Amino acid sequence: MLQTKLYPPRWREGLVPRPELVARLERGASGRLTLVSAPAGSGKTTLLGEWLAEHPSSSKTPAGREIAWLSLDAADSDLDRFWTYVVAALQAVRPELGEAARAMLESGHAPAIDVVLAMLLNDIAASPDDLVLVLDDYHVIESAEVHDAMAFLVDRLPPQMHIVILSRADPALPLARLRARGELVELRAAELRFSAAEAATFLGEVMGLDLAPADVEALEGRTEGWIAGLQLAALSMQGRDDVAGFVEAFAGNDRYIVDYLVEEVLQRQPPRVREFLLRTSILERLSGALCDAVTGQSDGATMLEELDRANLFVVPLDGRRQWYRYHHLFGDVLRAHLGTEPGEDASALHGRASEWYAAAGHVPEAIEHALRGGHLELAATLIESIARDTVRAYRPLQLVGWLRQLPDAVIQQHPVLCGYYPFGLFPAGEFEEATRWLDIADGLVADPPATARQSEEFDSLPGIIAIARGYGAMAVGDVDGTIEQARRALQVLPEEEYTWRAGAALLLSLVPWQMGDLDAAAVERLEGTAGLERAGDAALAISSIYDAGKLAMWRGRLREGREEFERGLELWSTTGDPRMPGAADLHIGLSAIAFERGDIDTAREHHEAAEEHARHALLPETLSRLAKSRARLHEADGEMDAAIADLEDAERLDVPATVPSHPIPAIRARVALRAGRVADVEAWREAQGVSADDPVVYAREYDHLTLARLLLHQAREQGTAANATAALGLLDRLLEAARGKRDGSVIEILLLQALASQALGDTEAALTPLAETLTRTEPEDYVCLFTSEGEPMRELLRAAVARGVSTAYASRLLGALGEAAPSAEAGASLPEPLTSREVEILRLIAAGMRNQEIADELVISVATVKRHIANAYGKLGVDHRTEAVARANELRLI
């Protein structure tokens, strides 16, 4: 029903034109905010309708600015709901805006709202055309969180966007500051009230009354130009003989005037109309068919058209006039009268509305009416009918919101609901409450109520409970409990319950992955993924295939990973649904593999495809992965600041997940190290409390490998052995833990061992782990693993070629590093190769630089320069600079 909130009002020919106010709105649209603040019935929405009517399309201002419209109601005080609707309103006129923000909001795991709004603002800033967002009835918003977020948005609005707020009261926004800066245009009750001339036009030409000028003047004065008051008065006067007497008696403050006039209007309507108004007042939105269901009549569409023509406080919500709503003030009064009208039963009316919505397939709206009408058993039955889909669609908190409106006793008549309830409570961090409901569900399985077996899922309930307990156990690190519950689920679930049995199998596969035995995890995942595909559960199957591809990459199997991601895309394409989640993640995986293989163009193509599909992403973790992918490409382009900023975005978007991921702070530390920001990496080390003496555990392996890189960098920069020795000791322990369980880790560890031995000056020792690394990586076409290590790796690869180690592959990697491979004789006469720092210093010597100049250039001490020069002299067998440069040139080292 969201679409009915997004249509601006249609201004009718024949209403009182207000060109001066329209001009003020147009002028204000060049600033940040226009506030139209006045009591109910002051013509705020009508004025905006006239502004729109100045442009033929009725969706733009006279200056051609597009209008995004959102009509608010009290339920929109929920932070995520409010911003979901704002994004939807913007997309109604600019479909490309805010897809990422909307995906986060609808995921059930949204990050901090300023992150969401920052992404939305970036989209708006990138849009070339001007845009106006109108928020109608903003006074219904009572949430301080929404107000704070609105202030954040207004303060950061790009120049091409303007906001108009229509409200009965001043919003809790920094109006004084905006006013002082000249960034606020205000229209208030004094400006909106009808003048005597406008009141005369309204009462005579619009409402069709033939009043004496004195009567018009009296009504205008007593209503103070309040438009709704004039309209209500005009409706009450229709059909009266003593108009002058009515006008003379018409007095009182606004509240009493409204009460009196509405009672007069209702009492003077034919019984058929009055009954229709009261019975349909329970509805937030009105259509002919829905009204028929609620009233028990068959003239709903005709009645709505008659009310519209009679100006009887109905507002059309779409261009075809199929959906309407009551003026909020009028609707409030109608509902109040419904409660006092003999023979009317609001509960029964809500029940009929619920039945209509359920039959029309709008089960969430059916649930809302069942709850409002007190039809608690009906509500529970409806919730149960979509509980499974709600959880699988990543809307667990919506499930919790409904169930919290039901007494425990009602929920307990539905054991399946008791089993699903924890799937909403766990994401909210309510572990004790989730466990309580699982205990209740277990009890109901043993002693079910009479109605329990009416649910098709009752036979699966023991398995559902076990899976919920298993995921709860994993969330708190209880591996034994996770295994026990997953195995129990597989024992008790019916064979045809493919989805839940697959969930149990996937839960089991996460245990070895979490513990670092990736080979075992790969075997155990096969059954779970196959089960999801058998069940035809495409969304979960695609997600599982992505995880399988990621697992293959972590196992050092790039070819297998690519095959999995491509298989996932094939499955995705068979769904025929462009909004089906998963495609963005699969393209991100393919981009990562192409990047690792050194095919940056293909990596970029897949990333761009992921960006496109991410407009339909449902999970913030997808957006976090996308930010990490973007960081890789920025780093490849040498844009290190942008890469680090991308990783900061990724960290803000990241949410806890059952599938392991590399810690983003460590990823960012590696980029910082390659950018030469050693202080930032040291800060990371201190913040993480990571040490070379730590016990080796899989959960910290990536952090320890990052630390090893830092230690090796420091060893090379400082020319000391202590850090390299510490790194080598750590790497030896990491290798022992990883062998036979995770080849991807083994590959990285071996590579770093080679670099550590090189930093210690032992090239021969370095070639042993390097040779094994090359043997493992050549079949998978690894490139970036080597090229990202820069000059130290270049030297090792030269030595490998010189000694005939994987010559063809090593030569190709040297080519990727930007040089032709040296011949086998290059530098071969040296008993010990020069380090990268020694070669760099020799090149600067050859350029004529002195020791102090070299120290300044490399940001090291003069003493360190002298130590490197002395080491180079010894390796080259020379005694002074000229000989050193000549010998290095002879060996083609510089």
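The values are calculated or read from the model by the stated rules, or taken from the named source; none is laboratory data. Not measured: the values here are computed from a predicted model. Because the Cβ atoms are built from the backbone with ideal geometry, glycine has one as well, and the counts that use them run over all protein chains shown. Just the protein is used for accessible areas: all its heavy atoms, side chains included, with ligands, DNA and RNA removed. Shrake-Rupley method; radii C 1.70, N 1.55, O 1.52, S 1.80 Å.
General remarks:
- The lone exception for Glu533 - which of (1) in a helix (DSSP H, G or I); (2) under 24 Å from the mean Cα position of the chain (by Cα) it fails: (2)
- Being of a type in the set (D, E, K, R) and part of a strand (DSSP E or B) is not true of Glu142.
- Selection of region 142-162 for residues being under 23 Å from the mean Cα position of the chain (by Cα) and touching a residue at least 40 places away in the same chain (Cβ under 8 Å) yields Ser143, Glu145, Val146, Ala149, Val154, Leu157.
- The helices (runs of 4 or more DSSP H) located wholly in region 265-342 that include 3 or more residues which are open to solvent by 10 Å² or more (accessible area, probe 1.4 Å) and modelled with pLDDT under 80 occupy 328-338.
- Subset of region 674-710 (residues that are open to solvent by 60 Å² or more (accessible area, probe 1.4 Å), within 22 Å of Ala521 (Cβ to Cβ) and either among the small types (Gly, Ala, Ser) or outside any loop (DSSP other than H, G, I, E, B) (or both)): Ala699, Arg700
- Out of Gln485, Gln491, sole residue that is out of contact with any helix residue (DSSP H, G or I) (no Cβ under 7 Å at 6 or more places or on another chain), assigned to a helix (DSSP H, G or I) and modelled with pLDDT of 85 or more: Gln491
- Filter result (open to solvent by 10 Å² or more (accessible area, probe 1.4 Å), in a helix (DSSP H, G or I) and either in contact with a Cys (Cβ under 6 Å, 6 or more places away or on another chain) or not aliphatic (A, V, I, L, M) (or both)) within region 494-524: Tyr498, Thr499, Trp500, Arg501, Gly503, Pro512, Gln514, Asp519, Glu524
- Residues of region 600-615 that are open to solvent by less than 40 Å² (accessible area, probe 1.4 Å) and over 21 Å from Ser788 (Cα atoms): Ala609, Ala610, Ala614.
- None of Asp129, Asp114 is open to solvent by 30 Å² or more (accessible area, probe 1.4 Å) and at pLDDT below 85 except Asp129.
- Taken over region 574-608, residues that are in contact (Cβ under 8 Å) with a residue 24 or more places away in the chain and assigned to a helix (DSSP H, G or I) amount to 19.
- Single residue of region 634-667 satisfying the filter (more than 22 Å from Cys784 (Cα to Cα) and in a loop (DSSP other than H, G, I, E, B)) that is modelled with the lowest pLDDT: Pro656
- Checking Met553 against (1) at pLDDT 95 or above; (2) not in a helix (DSSP H, G or I), the condition it does not meet: (2)
- Every condition in (1) aliphatic (A, V, I, L, M); (2) closer than 22 Å to Glu748 by Cα; (3) surrounded by fewer than 19 Cβ atoms within 10 Å (Cβ to Cβ) holds for Ala642 except the one numbered (2).
- Residue selected from region 358-372 under the condition without any contact (Cβ under 8 Å) to a residue 60 or more places away in the chain and not aliphatic (A, V, I, L, M), by the criterion surrounded by the fewest Cβ atoms within 10 Å (Cβ to Cβ): Gly361
- Selected residue (only one of Glu191, Glu220, Glu205 is in a helix (DSSP H, G or I) and loosely packed, with under 15 Cβ neighbours inside 10 Å): Glu205
Quick grid of which residues meet (1) at pLDDT 90 or above; (2) under 17 Å from Leu755 (Cα atoms):
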residue	(1), (2)
Glu780	yes, no
Gly790	yes, yes
Thr807	no, no
Gly815	no, no
Ala824	no, no
Pro833	no, yes
Ser836	no, yes
Leu858	no, no
